[in-house]
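Reviewing the structure listed below.
The values are calculated or read from the model by the stated rules, or taken from the named source; none is laboratory data. Note that the coordinates shown come from a computational prediction; the quantities given were computed from them, not determined experimentally. Using ideal geometry, Cβ is built from the backbone for each residue, glycine included, and neighbour counts are taken over all protein chains shown. Side chains are part of the model used for accessible areas, which takes the heavy atoms of the whole protein and leaves out ligands, DNA and RNA. Shrake-Rupley method; radii C 1.70, N 1.55, O 1.52, S 1.80 Å.
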Amino acid sequence: IQPSLGVTMGTPLTQRTRGTLSYQTSGQVYEDDYSVYLEEEQSGMNTMVIYNSDKYHLATALQIGIPHTFFNLSFARKFKEPVGKIRGSLKFGTFGAMIEYGVDRKITEQSTIAATVAVGIPQGVVLRIRLNRATQTYLFPLHLSDEILFQPLFYGTVTPLLAWFAVKKFILDPWEAKKKQKAKEAETLEKMSK
């Protein structure tokens with residue numbers, strides 16, 4: 001049994017800014033020959049300030065906890081379709097340091113795809129591909145390197161972009177064109193029947 005507890009309080013600070021204060025803890029229930037006891041494994045107090053506008057999203061967070069204490073600064077620039085959103089973040093603390101950058105793109109009304117490259121010490125280079133469909137999230141982390149090297153960083157950045165352009169050009173664009181053509185034919189048939 002692994003019980004956990006989380007409490008969050010939030011308040012708007014301005015029209016576009018809000019602040020939150022969170023406490024989370026989790027533990028592990030152990031049993032020996034004489035008793036059952038609960039040992040705390042992770043806990044932390046987190047404060048966050050979030051600014052959100054039509055073009056920008058900025059969040060800062062400070063967490064003091066066990067086993068990790070860290071500071072996080074993240075930034076996103078929102079664009080109108082077809083670009084989507086470009087994101088970046090910087091995180092450092094007792095676990096090391098990490099820089100992330102990535103893009104989000106809406107592919108249908110309820111589906112979003114994202115690719116993020118995380119570069120840090122000690123984890124190295126990691127590429128994360130995420131697909132959100134309504135309330136479902138599929139995450140595919142690909143560990144490219146244990147060290148920070150140029151080749152995995154380059155391939156982790158360029159390969160998802162090339163794959164996206166290929167899928168868009170050879171699958172999504174023809175599918176969208178076929179859908180528009182069917183809608184146009186249905187509209188023409190409707191006009192002819194009147």
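Residues checked against (1) under 18 Å from the mean Cα position of the chain (by Cα); (2) open to solvent by less than 40 Å² (accessible area, probe 1.4 Å):
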site	(1), (2)
Thr8	no, no
Tyr30	no, no
Lys55	yes, no
Ala61	yes, yes
Ala76	yes, yes
Lys80	no, no
Phe92	yes, no
Tyr101	yes, no
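Condition (residue is exposed (fewer than 13 other Cβ atoms within 10 Å of the Cβ), among the polar types (S, T, N, Q) and under 24 Å from the mean Cα position of the chain (by Cα)) applied to the stretch 33-40: is it met by at least one residue? No - not one qualifying residue is present in the stretch 33-40. Residue count for the stretch 25-50 satisfying the condition of being in contact with a Phe, Trp or Tyr (Cβ under 8 Å, 6 or more places away or on another chain) and within 16 Å of Gln63 (Cα to Cα): 4.
Residues that are of a type in the set (Gly, Ala, Ser) and more than 30 Å from Trp164 (Cα to Cα): which strands (runs of 3 or more DSSP E) entirely in the stretch 1-90 hold 1 or more of them? Full working, then the answer.
Working: elements: 4-12, 17-31, 36-52, 56-66, 70-78.
The qualifying strands (runs of 3 or more DSSP E) are 4-12, 17-31, 36-52, 56-66.
For beta carbons closer than 7 Å, sequence separation of 6+ or different chains, a first residue in the stretch 105-121 that is surrounded by fewer than 20 Cβ atoms within 10 Å (Cβ to Cβ) and outside any strand (DSSP E or B) and a second that is modelled with pLDDT of 85 or more and among the β-branched types (Val, Ile, Thr), the qualifying pairs are Ile107/Ile113. Under the condition of being loosely packed, with under 13 Cβ neighbours inside 10 Å, of a type in the set (A, V, I, L, M, F, W, C) and in contact (Cβ under 8 Å) with a residue 24 or more places away in the chain, the residues counted in the stretch 122-148 number 1.
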